[in-house]
Amino acid sequence: MTLPLLCFHHAGGSALTYRRLSMTESRFAVIPVPIPLQQHMAEPEDRVYVDRVVGALERQILRSSHTSQPYALYGHSMGAAVAHALTRRLEYQGRGPCFLALGACLPPHITAPRIDDAASEERLFAFLEKANGAPLTLRSSTLRRVLLPRLRAGLRFVRSWREFVDRNPLDTPVAAIAGSDDPWCTPSLITQWESYSTETFRSSTVIGSHLFHQDAPALLDVLDRCLPTDAIAGAAA
């Protein structure tokens, strides 16, 4: 039996990456979950903004047939911050995941380096270029119109999450994954996620940059290796 793996898009990403994951053979059934970051950007208070985003996902997931059995969460970059906050909410409901995997995301107590969500377009594009590991060649008005609002919404969420998140340890096994060439979320720093779980913690490194999750086989392989054996047993029961 495969374990449902609910995957959260990072702010500049698309469902294409997770479709690649879903077509790769593994012990996971990959389910992409878009994050309603932009839908709540009109909320003036950061704490309420985070609560609205996480609350909308919580309601969606609790209604999903995928969570009627053992399931796992994977969030990448900004999506990892969302997955962490969501796991806390789901634990309160007694419906938490059996496994939480966090890719390319520093724990909330590490606040630097970061870029502000109010940064100029040029700074935001430079940020995206560094994340991609190569220059963005399509600086069209369409690209700006699509990517930049998503990026601003995601950056706002991460900034607010770091400020308001409940930093008490989760009662969920956690894995933290870094790209070997990630300029921000380095392999040495992701080990600090260990204090955020009372259960099994594993850290791992994947060859690649900040967007290492675009290599579907490599990511699924490391998730397979990080998945606790009791989670596998629960999915097979």
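The values are calculated or read from the model by the stated rules, or taken from the named source; none is laboratory data. Computed from a prediction, not measured in an experiment: that's the story for all the values here. Cβ: placed from backbone, ideal geometry, glycine included. Neighbour counts: every protein chain shown. Surface accessibility is based on the protein's heavy atoms, side chains included, excluding ligands, DNA and RNA. Shrake-Rupley method; radii C 1.70, N 1.55, O 1.52, S 1.80 Å.
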Handout entry: Failed criterion for ASP166 (all others in (1) touching a helix residue (DSSP H, G or I) at 6+ places or on another chain (Cβ under 7 Å); (2) modelled with pLDDT under 90; (3) outside any helix (DSSP H, G or I); (4) open to solvent by 30 Å² or more (accessible area, probe 1.4 Å) hold)
Key = (2)
Completion exercise
Result of the Cβ filter at 7 Å on the stretch 118-147, keeping first residues that are of a type outside the set (A, V, I, L, M) and partners that are open to solvent by less than 70 Å² (accessible area, probe 1.4 Å) and modelled with pLDDT under 70, at least 6 apart or interchain, is PHE125/LEU136; GLU129/LEU136
Practice task
Collect the residues in the stretch 16-49 that are small (Gly, Ala, Ser) and within 28 Å of GLU163 (Cβ to Cβ), keeping them in residue-number order.
Solution key: ALA42
Exercise for the section: Among residues belonging to the stretch 23-68 that are over 27 Å from LEU151 (Cα atoms) and in contact with a helix residue (DSSP H, G or I) (Cβ under 7 Å, 6 or more places away or on another chain), point out the one that is modelled with the lowest pLDDT. Expected result: THR24
Handout entry: Flag for ASP182 being closer than 21 Å to SER26 by Cβ and either in a helix (DSSP H, G or I) or under 16 Å from the mean Cα position of the chain (by Cα) (or both)
Key = no
Practice task
Looking only at the stretch 202-217, decide whether some residue is at pLDDT 95 or above, open to solvent by 70 Å² or more (accessible area, probe 1.4 Å) and within 17 Å of HIS84 (Cα to Cα).
Solution key: yes
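Okay, residues lined up against (1) open to solvent by 60 Å² or more (accessible area, probe 1.4 Å); (2) within 15 Å of the chain's Cα centre (by Cα); (3) more than 20 Å from HIS213 (Cα to Cα):
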{"site": "ARG144", "(1), (2), (3)": "yes, no, yes"}
{"site": "VAL158", "(1), (2), (3)": "no, yes, no"}
{"site": "ARG162", "(1), (2), (3)": "no, yes, yes"}
{"site": "LEU170", "(1), (2), (3)": "no, no, yes"}
{"site": "VAL174", "(1), (2), (3)": "no, yes, no"}
{"site": "THR186", "(1), (2), (3)": "no, no, no"}
{"site": "ILE190", "(1), (2), (3)": "no, yes, no"}
Exercise for the section: Report yes if some residue within the stretch 116-133 is modelled with pLDDT of 90 or more and in contact with an Asp or Glu (Cβ under 9 Å, 6 or more places away or on another chain); otherwise report no. Expected result: no
Practice task
For the stretch 14-123, please list each of the strands (runs of 3 or more DSSP E) lying entirely inside it that holds at least 1 residues being touching a Ser or Thr at 6+ places or on another chain (Cβ under 6 Å), within 27 Å of ASP171 (Cβ to Cβ) and open to solvent by 10 Å² or more (accessible area, probe 1.4 Å).
Solution key: 28-33
